[in-house]
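Participant: Here it is, the structure in full.
The values are calculated or read from the model by the stated rules, or taken from the named source; none is laboratory data. For clarity, every value in this text was computed on a predicted model and none was experimentally measured. FYI the Cβ positions are ideal-geometry reconstructions off the backbone, even for glycines, and counts take in every protein chain you see. Ligands, DNA and RNA are excluded from the accessible area calculation, which covers all protein heavy atoms including side chains. Shrake-Rupley method; radii C 1.70, N 1.55, O 1.52, S 1.80 Å.
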Amino acid sequence: MNRLKIKEKENVMGLGKLFKGQCLSSISYRATEAWELAQVFDREGRRIMHESILTVQPGQEAVLVNEGVLTDIFEPGRYELSTENMPITTSLKEWKYGFDETFIVETIFVNKNDIMDIPWGTSGKLTIPDQTFGMVNLGANGKYSFAITDSTAFINKLMGTKRRYTVEDLKGFLTSHISMIFKEIVTDVPMNFFDIQGYCGEASELMKNKLGEFLKDYGITVKAMNVQIALPEVVLKAIDERATMGAMGGMQAYAFKKQVDAQTEAMVSMAKNPNGGMNSMAGMGMQMAAGMAMAGQMGNMMNSMTQPQMGNMQNGAPQNSVPVPENNPQAGGSGVRAKFCSQCGNPISANDKFCSNCGAKLG
């Protein structure tokens, strides 16, 4: 009899160990990567025991799911599961006076930290009408930051039946929508290509607000967003030329620089030609003519920089003429003012009908 009782006790203890091995006494989870947004805890088929310990790490939120229904939510901390801290689950399970049996619920751990610097880009080139350049094909890219602020909405509307949800899943969901938002903005707000930095700041704020409104229903708050616009080569070149023009003091100085550059390029090209160019008499003559024209233009430019135009007007002289000393052979005598072509600034005589430098008709 004693041996039989001992055997029965051992069998009971063995069943108890087996039963305990099929139950969860501790529930906790640490994400394997920073961009993981939510993960269903793998209980490996085991049931949850009365007074099991649930540990929620900083930056997490744990959501219990009972038969497809989101129930109780736990913020960071350590919890001994009971009817007191699981009111919704308790109600669904119809535990009126507490419980001591095991039960089954899913636990989803949600990442509540700010997710920073997520890259985005338009899915393709967008064709935008512009008064200066006509139709312009451009794209945009940048980064944004966000955080899950409503775990229930996020699980119900985005995660769904997935056991794991990451930033890559969210990016796949948002790519086409972000492109649509950008196209709406550049259509509604006229773009100034020559002040692209200021426009990018305005576009960033508008896109942050519009994307935030869209993601609010999914339990996500957009924290920050920036926009960089990829302009076509022809537009970038125009912006560079305008900046150069401003740095040189205006259109006249810029036109002068372009003309000098063109003449210099022509002279270099002739010098590289072994069959002619600078090695021929004609080439030398062209070089001398170009040099004289350049010198005349540079002198005219210096005069225009040193003599205020208002002073010329007050003296009764036209703006395209300057006083010439008496011993200047171009003046034809004391008190005579030399004339210059209004198109290129080349010195001209009173009898000339066309400019010898640029060919412009003289009035």
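Participant: So, in the stretch 18-65, how many residues would count as being in contact with a Leu (Cβ under 8 Å, 6 or more places away or on another chain) and not polar (S, T, N, Q)?
Facilitator: Final tally of qualifying residues: 14.
Yes/no matrix, rows are residues, columns are (1) open to solvent by less than 70 Å² (accessible area, probe 1.4 Å); (2) farther than 20 Å from Ile148 by Cβ; (3) in contact with a strand residue (DSSP E or B) (Cβ under 6 Å, 6 or more places away or on another chain); (4) touching a residue at least 40 places away in the same chain (Cβ under 8 Å):
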residue: Leu24; (1), (2), (3), (4): yes, yes, yes, no
residue: Ser28; (1), (2), (3), (4): yes, no, yes, no
residue: Val40; (1), (2), (3), (4): yes, no, yes, yes
residue: Glu44; (1), (2), (3), (4): no, yes, no, no
residue: Ser52; (1), (2), (3), (4): yes, yes, yes, no
residue: Gly59; (1), (2), (3), (4): yes, no, no, yes
residue: Glu67; (1), (2), (3), (4): no, yes, no, no
residue: Phe74; (1), (2), (3), (4): yes, no, yes, no
residue: Glu80; (1), (2), (3), (4): no, yes, yes, no
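Participant: Let me ask something additional. So which pairs qualify, if the first residue must be in the stretch 158-185 and open to solvent by less than 20 Å² (accessible area, probe 1.4 Å), the second must be in a helix (DSSP H, G or I) and of a type in the set (D, E, K, R), the Cβ gap must be under 9 Å, and the two must be at least 6 apart or on different chains?
Facilitator: Pairs that qualify, where the first residue is open to solvent by less than 20 Å² (accessible area, probe 1.4 Å) and the partner is in a helix (DSSP H, G or I) and of a type in the set (D, E, K, R), are Met159/Asp169; Ile181/Lys210; Ile185/Glu202; Ile185/Lys210.
Participant: Let me ask another. Considering (1) crowded, with 16+ Cβ neighbours inside 10 Å; (2) at pLDDT below 80, say which one Glu8 fails and leave the rest.
Facilitator: Here Glu8 clears every test but (1).
Participant: Quick one: is Thr221 touching an Asp or Glu at 6+ places or on another chain (Cβ under 6 Å) and modelled with pLDDT of 95 or more?
Facilitator: Values: touching an Asp or Glu at 6+ places or on another chain (Cβ under 6 Å): no; modelled with pLDDT of 95 or more: yes.
When the stated conditions are applied, Thr221 does not pass them.
Participant: Still on this model: Which residues, taken from the stretch 25-54, are among the small types (Gly, Ala, Ser) and not in a strand (DSSP E or B)?
Facilitator: Result: Ser28, Ala31, Ala34, Gly45.
Participant: Looking at (1) within 30 Å of Thr175 (Cβ to Cβ); (2) at pLDDT below 85, which is the one condition that is false for Asn113?
Facilitator: (2)
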